[in-house]
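All remarks here apply to the structure that follows.
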Amino acid sequence: MSTKKKIAVLPGDGIGVEVTASAARVLTAACDAAGIELQLDEYSFGTDCYHANGTAFPDVTREGCLAADAVLLGAVGSANPVNHDELGLLDLRKALGLYANIRPITPFAELSGATPFRPEILDGVDFVIVRELAEGLYFGDHAGDDERATDECFYTRGAIERIARAAGAMARERGVKVTSVDKVNVLSTSKLWRATFTDVFASEFPDVELEHMLVDAMAMISIQRPASLGVVATSNMFGDILSDECSVLAGGLGMLPSGSFGAPGPSFYEPVHGSAPDIAGQGVANPIGAILSAAMLAEHSLGSIEVAQAIVKGVRGALASGLRTRDIAGGGGHVVGTEAFTQAVIEQLSAARA
Ligand code: NAD
Ligand code: IPM
Ligand code: MN
């Protein structure tokens, strides 16, 4: 039986191109070692594609993604994003039916010196942000003129139920509580969110602890007592903002991976960061978020926890050897570029097998 798996690779814009190349190389090396054959097909996507072709998400890209076993994205966007049509991301999320964006915050102990936190704050930090991805402020109507603008925020019970179930299942598996984050003291959507989470947990997850927290309080707790968190479930916009904040626990935005899941069909993996126009083309981007996204892909879309663990071990080995990209060099270490760091991860993969 052939184990050949099709991965649609969307490098996108800016450092997306650089970190995707790294992630693809690491994934290929780790899969080779495990006897998993990959077919990587690259497709145009994002802002450069929009300016070249008039669309950020061409039909050929859409078809390639839908026909793949998984999709790996780098990042999209320019220095001055003016609307979401130029990014293509919301269309892609809709086309793949993605509704649960999983963003693990699992700092490497080797990098605690690269953060502004004392080691005891980081001790035991290992939580997951479960971000709702299909509704909320992102998918309401946007309108405005020079004098007044509105952005509609909507949530339906069904969309909240399915993200509550995703959070509940993850918390049960990890043996942790769920903290549902909202702004119930102001927003109608939050009232529905809180009531729906309460109902779903009462009827389907009576064994899982559920607590509710306002988003402004969570912005503080997530950096004051991050080790107290297990699964943090929240709406589209709150999840976007909290995850960038929480990335600092791990050393910064370059460190965080993500996976997006939903309708039957391919899942989607990308680092949490953007195209970083300020450092694009310099060869200094941190590829770890993208490489760890490839590890998530291996676990969830290739069904190989071994490949996933080998990749994480490879990253840890490269960090333990003292190598750092510039953004995570605050605690010391030998600063190298994207390419040299990637090579070190690949060498660690083969060292682990020897
Ligand atoms: P950004 O994430 O691109 O960069 C924010 C800061 O973090 C910059 O200083 C950047 O240099 C740094 N940074 C980010 N990733 C890094 C990495 N891997 N290594 C080292 N440093 C890294 O956010 P931004 O500057 O606000 O947005 C730039 C563009 O990216 C915008 O067009 C935005 O819409 C887009 N964006 C896309 C995605 C995505 O593709 N999923 C995510 C966020 C932002
Ligand atoms: C992310 C990004 C996107 C989002 C932007 C680029 C639309 O910030 O994936 O975190 O807000 O979802
Ligand atoms: Mn974001």
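The values are calculated or read from the model by the stated rules, or taken from the named source; none is laboratory data. Note that the coordinates shown come from a computational prediction; the quantities given were computed from them, not determined experimentally. Please note: Cβ atoms are built from the backbone with ideal geometry, for glycine as well, and neighbour counts cover all protein chains shown. Areas reflect the complete protein model, heavy atoms only, side chains present, ligands, DNA and RNA absent. Shrake-Rupley method; radii C 1.70, N 1.55, O 1.52, S 1.80 Å.
With every protein chain in place and a 1.4 angstrom probe, the accessible-area ranking of 269, 43, largest first, reads 43, 269. Taken about its Cα centre, the chain carries a charge dipole of roughly 1000 debye when the Cβ of each Lys and Arg holds +1 and the Cβ of each Asp and Glu holds -1. Each pair of Cα atoms in segment 116-250 enters the Kirkwood radius, and Stokes-Einstein at 20 °C and 1.002 mPa s then converts it into a translational diffusion coefficient of 138 µm²/s. What's the center-to-center distance, using Cα atoms, between segment 42-90 and segment 299-350 in Å? Their Cα centres are 27 Å away from one another. Mean projection of the Cα convex hull over all viewing directions, computed for the chain: 18.5 nm². Accessible surface area normalised per residue over the chain is 43 Å², counting heavy atoms of protein chains with a 1.4 Å rolling probe. Taking the accessible area of the chain, probe 1.4 Å, and keeping the other protein chains in place, the carbon and sulfur fraction comes to 52%.
Based solely on its DSSP helices, what 222 nm [θ] is calculated for the chain when runs of n ≥ 4 H residues each add -39,500 (n - 2.57) and the sum is averaged over all residues, nearest 500 deg cm²/dmol?
-13500 deg cm²/dmol, from helical runs alone.
In plain terms, the C-alpha convex hull of segment 234-354 casts an average shadow of 8.5 nm² when viewed from every direction. Accessible surface of residue 237, taken over heavy atoms with a 1.4 Å probe and every protein chain present, rounds to 70 Å². Mind scanning 6/177; 5/313; 4/313; 94/177; 4/177; 6/183 and naming the pairs with a C-alpha gap bigger than 31 Å? Checking Cα-Cα distances, 6/177; 4/177; 6/183 exceed 31 Å.
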